[in-house]
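*Asks:* To start, I am sharing the structure in question, which I have written as structure tokens.
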Amino acid sequence: MKVLVINSGSSSIKYQLLNMEDESVLSKGLVERIGIEGSRVVHKVEDKKSVIEKDIPNHEVGLKIVLELLTSEEHGVLKSLEEIDAVGHRVVHGGEKFKESVLITKDVLENIELMSFLAPLHNPANITGIKAAMELLPNASQVAVFDTSFHQTMPEKAYLYAIPYEYYEKYKVRRYGFHGTSHRYVSKKAAEFLGLDYENTKIISCHIGNGASVAAVKNGKSIDTSMGFTPLEGLAMGTRSGDLDPAIIEFIAKEEEISVKEVLNILNKKSGMLGVTKIYSDMRDVEDNAIANDKVCRLAFDIYEYKIAKYIGSYAAAMNGVDVIIFTAGVGENSPIMREEISEEYLGFLGVKIDKEKNDFKGKLREISTPDSKVKVIVVPTDEELMIARDTQYLVK
Ligand code: ADP
């Protein structure tokens, strides 16, 4: 079975075509700047990369170009589009409605549209991608895989905020959590790799990249996660503040004479690493400068680490123990220093011990704890596309 995975944003479509016989990636790429000047498709087959610059006014045109590329003589990997059996779509918000991935029907599509009130920036873009795929690949089954659904197993005490209950009843204000597909993939993979029973293991999954979140996965189920009603809550991120005293919002709005909306934009786009350093949102820059003894970057790096460590500590309490800690995503997979400092500085009380030599690598699946460490620490490269393709295959079969 061949599955096309689509992640469509407001002005982009990321895609991957997988052959599910051996889960290999046949082709992948990115349509960017949709509806903006300078739009283009970056298309990859194995190591060959082609860049096609073209006017792409909307998602349907973007996807049409991708499908032409996939079947073209020069850039293609398919004889005909009929070979695509199914399309798996990443959908950001499934609200309380979607507790797992689903085959897309008319009713499902309507419900995804209804969830747009919770994710007004993301869901409409995802829906645009779904509609384009339905139009262009009418014979393929379509599946939706939600960022939120893995966290739908959280108990009430974890997802309810201590605010008037009526806001939950009236507006569904609660913790939803995101990065669910990644936390699900890496936690399963870690248990499998370590030879542990997933249904009987306490795992803390740290998805730390530009966007970042931690999840507590107890016996195969997410019981808490650091992102909340929106992805703004929790860790300090590339440009997001993470946790703060909500009173700060009104205070800054008043002092700066700006609206609450503007403050929230600052907390989403101009805070985190960018806010503290004033220049860098990319963790590589923060790390390089911290190593070169730049005081501000060292501070930003410390803040990033400290928040992760605090969440690990609190989730160890939430699960009354922890067997495995996972590092994944851009920073988690590629920054040995970050992994070492978090483990050595803060996690000794849990009995965490890191093998510094084993930890000195990037981007591979590897255990980095010592044999006598009480908690296994492991790096697992995330693969949300593969997880989406697996769900798609499962539902179609
Ligand atoms: P997102 O999907 O949230 O955009 P990623 O998971 O791709 O983010 O992670 C991107 C982040 O990972 C960037 O801040 C990048 O600088 C960081 N990163 C990548 N490689 C390294 C590295 N070697 N050291 C530190 N940070 C790194």
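*Asks:* Only one of LEU347, LEU386 is more than 16 Å from the ligand (Cβ to nearest atom) and touching a residue at least 12 places away in the same chain (Cβ under 8 Å); which? So that I can check it myself, show each step before the final result.
*Replies:* Numbers: LEU386 fails: more than 16 Å from the ligand (Cβ to nearest atom).
Every option except LEU347 fails the conditions.
*Asks:* Hey, PHE361 hits all of (1) part of a loop (DSSP other than H, G, I, E, B); (2) open to solvent by 20 Å² or more (accessible area, probe 1.4 Å) but one; which does it fall short on?
*Replies:* Of everything listed in (1) part of a loop (DSSP other than H, G, I, E, B); (2) open to solvent by 20 Å² or more (accessible area, probe 1.4 Å), PHE361 misses just condition (2).
*Asks:* Residues of the stretch 116-166 being of a type in the set (Ser, Thr, Tyr) and open to solvent by 50 Å² or more (accessible area, probe 1.4 Å), which ones?
*Replies:* Pass one, the stretch 116-166, residues of a type in the set (Ser, Thr, Tyr): 116, 128, 141, 148-149, 153, 159, 161, 165.
Once the filter is applied, which keeps residues that are of a type in the set (Ser, Thr, Tyr) and open to solvent by 50 Å² or more (accessible area, probe 1.4 Å), the stretch 116-166 yields THR128, THR153, TYR161, TYR165.
Residue-wise test of (1) of a type outside the set (Asp, Glu); (2) in a loop (DSSP other than H, G, I, E, B); (3) free of Cβ contacts under 8 Å to residues at least 60 places away in the same chain.
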| residue | (1), (2), (3) |
| --- | --- |
| GLU250 | no, no, yes |
| LYS254 | yes, no, yes |
| VAL286 | yes, no, yes |
| LYS307 | yes, no, no |
| SER314 | yes, no, yes |
| ALA317 | yes, no, yes |
| VAL331 | yes, no, no |
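*Asks:* Next question, about the same structure. Within the stretch 61-79, can one find any residue that is buried (at least 22 other Cβ atoms within 10 Å of the Cβ) and not in a helix (DSSP H, G or I)?
*Replies:* No, the conditions are met nowhere in the stretch 61-79.
*Asks:* When the stretch 261-276 is examined, which residues are found to be within 16 Å of the ligand (Cβ to nearest atom), open to solvent by 40 Å² or more (accessible area, probe 1.4 Å) and under 21 Å from the mean Cα position of the chain (by Cα)? Quick ask: steps written out before the conclusion?
*Replies:* Going residue by residue through the stretch 261-276, those that are within 16 Å of the ligand (Cβ to nearest atom) are 268-276.
Adding the requirement that they be open to solvent by 40 Å² or more (accessible area, probe 1.4 Å) leaves 268-270, 274, 276.
Result: ASN268, LYS269, LYS270, LEU274.
*Asks:* Name the strands (runs of 3 or more DSSP E) wholly inside the stretch 146-234 in which the number of residues that are within 16 Å of the ligand (Cβ to nearest atom) is 2 or more.
*Replies:* Per the criteria, 202-208, 212-218.
*Asks:* How about the stretch 319-342: which of its residues are in contact with a Ser or Thr (Cβ under 8 Å, 6 or more places away or on another chain), away from the ligand (no atom under 16 Å from the Cβ) and not hydrophobic (A, V, I, L, M, F, W, C)?
*Replies:* Listed by number, the list holds a single entry, ASP323.
*Asks:* Return yes when ILE279 is open to solvent by less than 70 Å² (accessible area, probe 1.4 Å) and either outside any helix (DSSP H, G or I) or modelled with pLDDT of 95 or more (or both) and no when it is not. Break it down into steps so the answer makes sense when it comes.
*Replies:* Details: open to solvent by less than 70 Å² (accessible area, probe 1.4 Å): no; either outside any helix (DSSP H, G or I) or modelled with pLDDT of 95 or more (or both): yes.
Answer is no for this residue.
*Asks:* In addition: Please work out which one of (1) touching a residue at least 40 places away in the same chain (Cβ under 8 Å); (2) over 30 Å from ARG175 (Cβ atoms); (3) crowded, with 17+ Cβ neighbours inside 10 Å is the condition MET1 fails and give its number.
*Replies:* Every listed condition holds for MET1 apart from (3).
The values are calculated or read from the model by the stated rules, or taken from the named source; none is laboratory data. None of the values given here were measured: they were computed from a predicted structure. Don't worry about glycine lacking a Cβ; one is built from the backbone with ideal geometry, like all the others, and counts go over all protein chains shown. To get the accessible areas, we keep the full protein, side chains included, count just its heavy atoms, and leave off ligands, DNA and RNA. Shrake-Rupley method; radii C 1.70, N 1.55, O 1.52, S 1.80 Å.
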